[in-house]
Amino acid sequence: AEAALTRLEAIKAQRTVENALAHYVPYPRQKQFHNAGATHRERLLIAANQSGKSLAGGMECAMHATGRYPDWWRGRRFDKPTIGWGAGTTNETTRDTVQRILVSRPGQQGTGAIPKDAILELVSARGTPDLLDSIKVRHVSGGVSVIGLKSYQRGRESFQGETLDYLWFDEEPPADIFTEGLTRTNVNQGPVWVTFTPLLGMSETVRRFLLETSPDRDV
């Protein structure tokens with residue numbers, strides 16, 4: 001009986017690890033950030049290092065890709081498969097932050113924000129070890145969502161062309177890349193959110209959110 005109970009506990013623990021999204025409980029500021037997506041197209045979660053800002057950004061990305069929204073959710077919703085991007089500073093930081101939060105580390109895929117049973121395909125990128133180009137995700141509607149991984153080091157031109165439902169910038173993007181990314185979501189008026197620690201001072205991107213008031217923006 002004890003062995004059976006131990007196995008059952010191990011199975012439950014594994015299921016929890018492979019479905020972190022179902023167990024995500026945001027603290028008040030994270031929840032405020034998510035809820036603001038219902039009424040603000042551009043959002044900034046600005047916070048200290050290791051305070052959960054990137055986790056919040058990745059969890060929202062996983063929700064829009066899977067269509068699995070928790071009962072407490074009051075933010076923007078999609079009822080169909082989505083096309084979105086997660087972007088970081090360089091190829092390496094995109095792999096080590098955005099990609100890690102979404103699918104976890106190499107060899108542990110399926111223990112990140114996207115539940116393991118929702119991951120359909122991990123498409124590798126060229127040139128950087130273990131970096132993914134995109135993640136194909138099963139949406140609750142039965143269709144397939146796609147999350148593309150981008151980096152600022154590739155320049156503004158690499159953010160051109162695609163029509164997106166949403167875009168997550170992890171760490172502060174240059175102003176031209178932010179504007180180009182925002183343009184990608186114009187057709188669907190989709191949400192764009194940024195999560196970062198303000199290490200670059202009063203940059204153009206920071207000024208946009210803190211000094212240029214707009215009903216479209218929330219900090």
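The values are calculated or read from the model by the stated rules, or taken from the named source; none is laboratory data. None of these values were measured; they are calculated from a predicted model. Cβ placement follows ideal geometry from the backbone for every residue including glycine, while neighbour counts extend to all protein chains displayed. Note: areas computed on protein heavy atoms with side chains; ligands, DNA, RNA excluded. Shrake-Rupley method; radii C 1.70, N 1.55, O 1.52, S 1.80 Å.
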Report, ordered by the first and then the second residue, all pairs with beta carbons closer than 7 Å, sequence separation of six or more or different chains, a first member in the range 16-33 that is closer than 14 Å to Ser51 by Cβ, and a second member that is charged (D, E, K, R) and open to solvent by less than 90 Å² (accessible area, probe 1.4 Å).
Phe33/Arg43
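Can you name every residue in the range 78-95 that is touching a His at 6+ places or on another chain (Cβ under 8 Å) and not in a strand (DSSP E or B)? Let's see the steps before the verdict.
Within the range 78-95, the first condition is being touching a His at 6+ places or on another chain (Cβ under 8 Å), and the residues that meet it are 78, 80-82, 84.
Correct list: Phe78, Lys80, Pro81, Thr82.
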Matching entry among Gln153, Gln99, Gln108 (being surrounded by fewer than 16 Cβ atoms within 10 Å (Cβ to Cβ) and assigned to a helix (DSSP H, G or I)):
Gln153
Search the range 78-113 for residues being touching a residue at least 12 places away in the same chain (Cβ under 8 Å) and among the charged types (D, E, K, R), and hand back the single one that is nearest to Gly142 (Cα to Cα).
Lys80
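Name the residue, out of Phe209, Phe178, that is over 17 Å from Leu102 (Cβ atoms) and either without any contact (Cβ under 8 Å) to a residue 60 or more places away in the chain or open to solvent by 20 Å² or more (accessible area, probe 1.4 Å) (or both). Show your work before the answer.
Values: Phe209 fails: either without any contact (Cβ under 8 Å) to a residue 60 or more places away in the chain or open to solvent by 20 Å² or more (accessible area, probe 1.4 Å) (or both).
Within the list Phe209, Phe178, the selection yields Phe178.
Suppose the filter is touching a helix residue (DSSP H, G or I) at 6+ places or on another chain (Cβ under 6 Å), farther than 21 Å from Glu172 by Cα, surrounded by fewer than 21 Cβ atoms within 10 Å (Cβ to Cβ) and of a type outside the set (A, V, I, L, M); does Thr90 pass it? Walk me through how you get there before you give the answer.
Numbers: touching a helix residue (DSSP H, G or I) at 6+ places or on another chain (Cβ under 6 Å): yes; farther than 21 Å from Glu172 by Cα: no; surrounded by fewer than 21 Cβ atoms within 10 Å (Cβ to Cβ): yes; of a type outside the set (A, V, I, L, M): yes.
Considered against the rule, which asks whether it is touching a helix residue (DSSP H, G or I) at 6+ places or on another chain (Cβ under 6 Å), farther than 21 Å from Glu172 by Cα, surrounded by fewer than 21 Cβ atoms within 10 Å (Cβ to Cβ) and of a type outside the set (A, V, I, L, M), Thr90 comes out as no.
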Per the filter on the range 113-127, residues at pLDDT 95 or above and open to solvent by 10 Å² or more (accessible area, probe 1.4 Å) are Lys116, Asp117, Ile119, Leu120, Glu121, Leu122, Val123, Ser124, Ala125
Quick check: is even one residue across the range 54-72 open to solvent by 70 Å² or more (accessible area, probe 1.4 Å), at pLDDT below 95 and either closer than 28 Å to Arg138 by Cβ or not in a helix (DSSP H, G or I) (or both)?
no
Within the range 5-32, work out how many residues are at pLDDT 55 or above and farther than 25 Å from Met59 by Cα.
2
